[in-house]
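Notes follow once the structure below has been shown.
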Amino acid sequence: MRTATPSTARAINDRIALELLRDEGPLTAGQLRSRTGLARPTVADLLERLREAGLIAVVGEAGAERRGPNARLYGLVADRAHLAAVDVRAHSVTVRVTDLLGRPLAEASLPVDPDAGTGPRLRPTGVLVDAADLVARTVAEAGAARLHTVAIGAPGLIDPATGALSVSYTHL
């Protein structure tokens, strides 16, 4: 029989707290306690652990009438990680770099020759090489040292044998 270890419980609690901070913005320890149902010492431990890891920071205080540790607002350190989305279309490739909260930092597009056919766009000498350069330039423009995640989307299917992109949408 498998049971949860303390480290597994900590990882789950940390993830829940990080998701709440991402989705709801800065929160106090009390707000995290009420939203998670965790005990005061557990929330205090996870806040300290996440702060020491550089994932969260004190970003202000809640309410002018409140002072001290209970009034501290904790928020994600948005520049802790950077993400890139690459949108490959029939006529263009667009790259957007965001911070951890999804705030856009830089965006650039590259036109694609519509007469080149779909195959050359996905070959090493085609658009993927140019798209990789476009990603690198956009990351530099965003001021990001490195990317945590890159997601690539295309509105079609890529034939693994040929590398050709087939359009899969229908006109209504």
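The values are calculated or read from the model by the stated rules, or taken from the named source; none is laboratory data. Because the structure is predicted, anything quoted here is derived from the model rather than measured. Here Cβ is always computed from backbone atoms with ideal geometry, including for glycine, and neighbour counts include all displayed protein chains. Side chains are part of the model used for accessible areas, which takes the heavy atoms of the whole protein and leaves out ligands, DNA and RNA. Shrake-Rupley method; radii C 1.70, N 1.55, O 1.52, S 1.80 Å.
Quick test for you: out of Arg10, Arg2, Arg96, pick the one residue that is part of a helix (DSSP H, G or I) and either at negative phi or open to solvent by 80 Å² or more (accessible area, probe 1.4 Å) (or both).
Result of the check over Arg10, Arg2, Arg96: Arg10.
Quick check: anything in segment 45-59 of a type in the set (D, E, K, R) and farther than 30 Å from Val150 by Cβ?
Yes: one or more hits.
Restricting to segment 33-55, name every residue that is assigned to a helix (DSSP H, G or I), among the hydrophobic types (A, V, I, L, M, F, W, C) and open to solvent by less than 50 Å² (accessible area, probe 1.4 Å). Break it down stepwise before answering.
Taking segment 33-55 as the starting set, the residues that turn out to be assigned to a helix (DSSP H, G or I) are 33-36, 40-52.
Checking which are among the hydrophobic types (A, V, I, L, M, F, W, C) leaves us with 43-44, 46-47, 50.
Result: Val43, Leu46, Leu47, Leu50.
Evaluate the following for Ala84: is it of a type in the set (Gly, Ala, Ser), at pLDDT below 90 and in contact with a helix residue (DSSP H, G or I) (Cβ under 8 Å, 6 or more places away or on another chain)?
So Ala84 does not fit the description; no.
Is there a residue in segment 101-120 that is at pLDDT 85 or above, buried (at least 18 other Cβ atoms within 10 Å of the Cβ) and hydroxyl-bearing (Ser, Thr, Tyr)?
No - not one qualifying residue is present in segment 101-120.
Could you list all residues from segment 1-42 that are in contact (Cβ under 8 Å) with a residue 24 or more places away in the chain and of a type in the set (A, V, I, L, M, F, W, C)?
Of everything in segment 1-42, those that are in contact (Cβ under 8 Å) with a residue 24 or more places away in the chain and of a type in the set (A, V, I, L, M, F, W, C) turn out to be Ala17, Leu18, Leu21, Leu27, Ala29, Leu32, Leu38.
Could you count how many residues in segment 30-49 are closer than 23 Å to Asp79 by Cβ and either among the aliphatic types (A, V, I, L, M) or in contact with a helix residue (DSSP H, G or I) (Cβ under 7 Å, 6 or more places away or on another chain) (or both)?
Within segment 30-49, the first condition is being closer than 23 Å to Asp79 by Cβ, and the residues that meet it are 32, 46-49.
Add one more test, that the residue is either among the aliphatic types (A, V, I, L, M) or in contact with a helix residue (DSSP H, G or I) (Cβ under 7 Å, 6 or more places away or on another chain) (or both), and what stays is 32, 46-47, 49.
Adding up the residues that qualify gives 4.
Note down all Cβ pairs under 8 Å where the first residue falls in segment 71-95 and is under 30 Å from Glu61 (Cα atoms), the second is of a type in the set (Asp, Glu), and they're at least six residues apart or on different chains.
Qualifying pairs under 8 Å: Ala71/Glu61; Arg72/Glu61; Leu73/Glu61; Ala78/Asp99; Asp79/Asp99; Ala81/Asp99; His82/Asp99; Leu83/Asp99.
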